[in-house]
Amino acid sequence: MIAITNNAIINIHKKKIKRVIAINDIGGISKTVPPSRCTTEFTIHVPSSYDYRFNTEKREEILDVIKRCYYINKQKNVPMFYATSKDLREFTTTEKDMKKEIARFPTPNYRTTEEDLFDEGASATPSMAS
């Protein structure tokens, strides 16, 4: 199970917290896109640690919430990366990779702005009148 707060993504397994990823620690998100047949996989890139790979039918809903929380925290869109491979294994830094100092962060040519939620040239947060 995954829980998302304004500040963190929490993975819960058998009523225990398995991992907490601070929204501010996210370096980007990769997802599989056609011609890949996988429509349920995504990876949250955590440059200061290892990445987290998820597989869920609720991928788009989860990504929408993460993108909104990221923008609220950082005032910019989360970098999104598209992969057409059958899965995201080659784009996911594992705990073993971290120990060997191997990073599998996608290169800039995989970056897409297609899914940016906010125009970063304009202020997306309204000012509060007192």
Looking only at segment 49-70, decide whether some residue is farther than 28 Å from D119 by Cα and outside any loop (DSSP other than H, G, I, E, B). yes
Scanning for something modelled with pLDDT under 95, under 18 Å from I9 (Cα atoms), in contact with an Asp or Glu (Cβ under 7 Å, 6 or more places away or on another chain) and of a type outside the set (D, E, K, R), does segment 55-76 turn up at least one residue? yes
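Regarding T43, is this residue among the β-branched types (V, I, T) and either surrounded by 15 or more Cβ atoms within 10 Å (Cβ to Cβ) or without any contact (Cβ under 8 Å) to a residue 24 or more places away in the chain (or both)?
yes
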For the condition in contact with a strand residue (DSSP E or B) (Cβ under 9 Å, 6 or more places away or on another chain), under 18 Å from A8 (Cα atoms) and not small (G, A, S), what is the one hit in T112, T43, T39? T43
In segment 71-100, what residues are farther than 27 Å from F118 by Cβ and among the hydrophobic types (A, V, I, L, M, F, W, C)? M98
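Just to be sure I understand, how many residues within segment 14-31 are part of a helix (DSSP H, G or I) and surrounded by 13 or more Cβ atoms within 10 Å (Cβ to Cβ)?
2
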Within segment 36-46, the residues that are modelled with pLDDT of 95 or more and either more than 16 Å from L63 (Cβ to Cβ) or not in a loop (DSSP other than H, G, I, E, B) (or both) are E41, F42, T43, I44, H45
Identify the single condition in (1) of a type outside the set (V, I, T); (2) in a loop (DSSP other than H, G, I, E, B); (3) without any contact (Cβ under 8 Å) to a residue 60 or more places away in the chain that P106 does not satisfy, given that it satisfies every other one. (3)
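The values are calculated or read from the model by the stated rules, or taken from the named source; none is laboratory data. It should be emphasised that the depicted structure is a prediction, and the values quoted were computed from it without experimental measurement. FYI the Cβ positions are ideal-geometry reconstructions off the backbone, even for glycines, and counts take in every protein chain you see.
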